Amino acid sequence: MRTLTCPVGLRDIEVRHPARWGAKSPMQTLRIKRPSTRTKRPSIADTERARPGPGRDLAPLLAGAAVAVGGTGALLALVDSGSPLRGPFALFFLFAAPASAIAAVLRGLDPFGRVLTSVAGAVVVDMLVAQGMLAVHRWSVDGGIITVAAISGLISLSVFIRHMPVHNV
């Protein structure tokens with residue numbers, strides 16, 4: 001076992017330090033638990049495939065319904081409809097569009113962290129759009145809807161570009 005030596009005299013606190021006698025620092029004692037192959041928990045995708053019956057196709061159905069509601073809200077807001085559904089559907093679009101785009105970017109995160117981060121990111125996108133429109137004195141509902149849709153589209157486009165196959169010519 002090797003001990004630390006110093007050419008000059010050590011101070012009192014340095015003499016008593018546990019590392020001088022080979023003790024590990026707290027950072028060296030941290031253990032990162034890696035999942036073993038024997039105790040692998042099934043993922044959500046595995047349980048979705050294994051589960052029989054009509055409930056298996058519920059997630060794509062809900063995603064399609066959310067896109068329809070959000071698109072209807074954006075369309076009702078852009079045509080300045082007098083429908084009572086205009087407000088709730090447009091608000092759903094303003095939060096769901098950036099949230100789903102951010103969630104697509106954060107594909108590797110655990111589900112709770114992904115939802116939390118994407119909802120917070122959607123609020124940030126909406127607030128930045130509103131702040132920018134107020135700062136330049138160009139506030140409009142149509143402008144806000146179009147800007148949020150464009151930002152969400154650009155975020156989604158970055159995901160698609162990242163996953164495109166590269167073809168060598």
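Listed values, structure above:
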{"item": "Accessible area per residue, Å², segment 67-169 with all protein chains present, probe 1.4 Å", "result": "66 Å²"}
{"item": "Separation in nanometres of the label points that stand 7 Å from Cα toward Cβ, at ALA59 and HIS137", "result": "5.0 nm"}
{"item": "Label-point separation, VAL67 to MET164 (7 Å along Cα→Cβ), nm", "result": "2.0 nm"}
{"item": "Ordering of 69-77, 108-116 by packing [mean C-beta count within 10 Å, highest first]", "result": "69-77, 108-116"}
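The values are calculated or read from the model by the stated rules, or taken from the named source; none is laboratory data. Because the structure is predicted, anything quoted here is derived from the model rather than measured. Counting neighbours? That spans all protein chains shown, and the Cβs are built from the backbone with ideal geometry, glycine included. Surface areas here come from the heavy atoms of the whole protein model, side chains and all, with no ligands, DNA or RNA. Shrake-Rupley method; radii C 1.70, N 1.55, O 1.52, S 1.80 Å.
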